[in-house]
Amino acid sequence: MADQKEVVFAGFGGQGVMTAGQLLAYTAMEEGKQVIWIPSYGPEMRGGTANCTVVVSDERIGSPIINNPQSACVFNRPSLDRFGAALKKNGLLLINSSLIDVTSGRNDITELLVPANDVAMKIGNARVANIVMLAAYVGATEIVNFDSLKKMLTQKMAKKKDLLETNHTALEEGRKIGQTVRV
């Protein structure tokens, strides 16, 4: 049986959900894993809903369509409402508790409250909230090697060296949060 993990990153356009998903997908590919990354946008790009599904496996992936993912990282309330209910039993739900003041109400999944925006603001750049959330997910699941993720982020940020240190700090802070649940 293949070791396959699925995660949805979901929020408003402009929150960096696509970037988080891409970084995870690129990192998994770099590690030699099979990967699918599927973006989905609402009618508007910025401010509309956006989500992406990432599937990572050690074997060929049979279908890119995942109706009930194992995990979700939700950045806003509409995403919680949509994907919190869709998670598989025993799934993992990461909630951006900086912007969402409720939980899913489910007792058959693991929920992790990640104050992604608050952490990002403390670091000094609100735009790294997506990196905090991604790192929390990787810290909780170990879906990819954390050092590989850091290396991929460094590679993708090559043209934005001024933001690299902030992003690395966001990775470390998110990782600490994620390691509190380990699934």
For the range 24-41, take each phi angle, set θ = phi - 60°, evaluate the Karplus expression 6.51 cos²θ - 1.76 cosθ + 1.60, and give the result in whole Hz per residue in order, putting x for glycine and proline.
5, 4, 4, 5, 5, 4, 4, 7, x, 8, 7, 9, 10, 10, 10, x, 9, 10
Could you pull out the GluC sites (Glu not before Pro) across the range 78-183 that fall in loop regions by DSSP (anything but H, G, I, E, B) with no more than 14 other Cβ atoms inside 10 Å?
GLU142
Taking the C-alpha atoms of the chain, how large are the radius of gyration and the largest Cα-Cα span, Dmax, in Å?
14.9, 44
May I ask what percent, to the nearest 5, of DSSP beta bridges between residues of the range 17-102 are antiparallel?
65
Exposure proxy ranking, count of Cβ atoms within 10 Å, fewest first, for SER63, SER57
SER63, SER57
In sequence order, calculated HN-Hα J values of the range 103-118 (Karplus, 6.51, -1.76, 1.60; Hz; x Gly/Pro):
10, 6, x, 8, 10, 10, 9, 9, 10, 10, 7, 10, x, 4, 5, 5
In what order do THR49, THR154, THR180 fall by count of nearby beta-carbon atoms within 10 Å, going from fewest to most?
THR180, THR154, THR49
In terms of Cα to Cα distance under 20 Å, which lysines are near enough to LYS88, apart from those fewer than 8 places away along the same chain?
LYS5
When the helices in the chain are scored as -39500 (n - 2.57) per DSSP H run of 4 or longer and the sum is shared across all residues, what 222 nm value do you end up with, to the nearest 500 deg cm²/dmol?
-12000 deg cm²/dmol
Listed by chain and number, the residues whose amide H is under 5 Å from that of LEU94, excluding neighbours fewer than 5 places away on the same chain and using placed H, are ALA72, CYS73, VAL74, LEU112
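Give me VAL35, VAL54 sorted ascending by neighbouring Cβ count inside 10 Å, so fewest comes first. The partial results should precede the final answer.
Details: VAL35 19, VAL54 26.
Ordered by Cβ neighbours within 10 Å, fewest first: VAL35, VAL54.
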Length-normalised contact order of the chain in % [C-alpha pairs under 8 Å, at least 6 apart]
20
Restricting attention to the range 90-132, which trypsin sites (Lys or Arg not before Pro) occupy a DSSP loop and are surrounded by at most 16 other Cβ atoms within 10 Å?
ARG106
Using Cα positions and a limit of under 18 Å, work out the aspartates and glutamates in reach of LYS151, with same-chain residues fewer than 8 apart set aside.
GLU30, GLU31, GLU142, ASP162, GLU165, GLU172, GLU173
May I ask what percent, to the nearest 5, of DSSP beta bridges between residues of the chain are antiparallel?
55
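Each reported figure results from applying straightforward, stated rules to the coordinates on display, with no laboratory input. Since the model is a prediction, treat every value here as computed from it, not as a measurement. Neighbour counts are summed over all protein chains in view; Cβ atoms, including those assigned to glycine, are modelled from backbone coordinates with ideal geometry.
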